[in-house]
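Worksheet: the structure to be examined is printed underneath.
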Amino acid sequence: MSYVLRHKPEVIGLLLDVEGWASIEDLIKEAESVGKFLSYETISNIVSRSDKKRFERSENGANIRAVQGHSSESVKRKYSALQPPDFLYHGTATRFLDSIRKKGLLHGARHHVHLTENEVLAHDVGLRYGRSVVLRIKSYQMFLNGFKFFRAENDVWLTLKVPPEFIDMWD
Ligand code: HQG
């Protein structure tokens, strides 16, 4: 579900609107056309059991979306800008540090750099790519310097980039 609701809805012929919403009926139908069988109940369980609350259903229950993490071009979510806490954390792998030192944190294929208030969670995110290292980001200083911050419905913080001078902890 993350793959089609964040990245490649077209692989099953699903349409996402600019806010990332897809019709649950269409999701079930299109998934079935590629041999994946989903039901309202399965989807409901995935939504409620997702440890990171990755998905959200619309109030009328007809639509579903991933709340953050998108790379699909059809999605351009409008998050409202917020004042961040003094520091936020980003977990990455040690092998990326040389490049991050030079270029800062870039959003890559996704629409935003992902940050969290939770250092332990950041550590786990870094582990996905190798030896994990948690970087501390001077988010409030960035905010004072005009960088915009957003917070998704699942409390993941988002920003477009983090220049190296705002990263103050390397290991
Ligand atoms: C790294 C998960 C080299 C960046 C998590 C990361 C998150 C650079 C990787 C969400 C770089 C991108 C997103 C630079 C950044 N040079 N490497 N200049 N700038 N990087 O997966 O933040 O479980 O696109 O450090 O919880 O790891 O999917 O982003 O290692 O919230 O719900 O490039 O995905 O959530 O990787 O993870 P990603 P991310 P879910």
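The values are calculated or read from the model by the stated rules, or taken from the named source; none is laboratory data. Note that the coordinates shown come from a computational prediction; the quantities given were computed from them, not determined experimentally. No Cβ is skipped: glycine too gets one built from the backbone with ideal geometry, and neighbour counts run over all protein chains shown.
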Go through (1) over 20 Å from the mean Cα position of the chain (by Cα); (2) closer than 29 Å to Asn145 by Cβ and name the single condition His90 misses. (1)
Members of the range 83-108 found to be among the small types (Gly, Ala, Ser) and either in contact (Cβ under 8 Å) with a residue 60 or more places away in the chain or surrounded by 19 or more Cβ atoms within 10 Å (Cβ to Cβ) (or both), listed by number: Gly91, Gly104
With respect to the numbered conditions (1) farther than 27 Å from Glu165 by Cα; (2) within 12 Å of the ligand (Cβ to nearest atom); (3) of a type in the set (Gly, Ala, Ser); (4) over 16 Å from the mean Cα position of the chain (by Cα), which one is the sole condition not fulfilled by Ala62? (2)
Does the range 97-141 hold any residues that are near the ligand (Cβ under 9 Å from one of its atoms), in a helix (DSSP H, G or I) and either in contact with a Lys or Arg (Cβ under 6 Å, 6 or more places away or on another chain) or aliphatic (A, V, I, L, M) (or both), and which are they? Leu97, Ile100, Leu121, Ala122, Val125
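Quick test for you: out of Gly126, Gly104, pick the one residue that is of a type outside the set (Val, Ile, Thr), at pLDDT 95 or above and in contact with a Pro (Cβ under 6 Å, 6 or more places away or on another chain).
Gly104
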Which of the residues that make up the range 142-171 are part of a strand (DSSP E or B), closer than 12 Å to Pro85 by Cα and of a type outside the set (D, E, K, R)? Phe150, Trp157
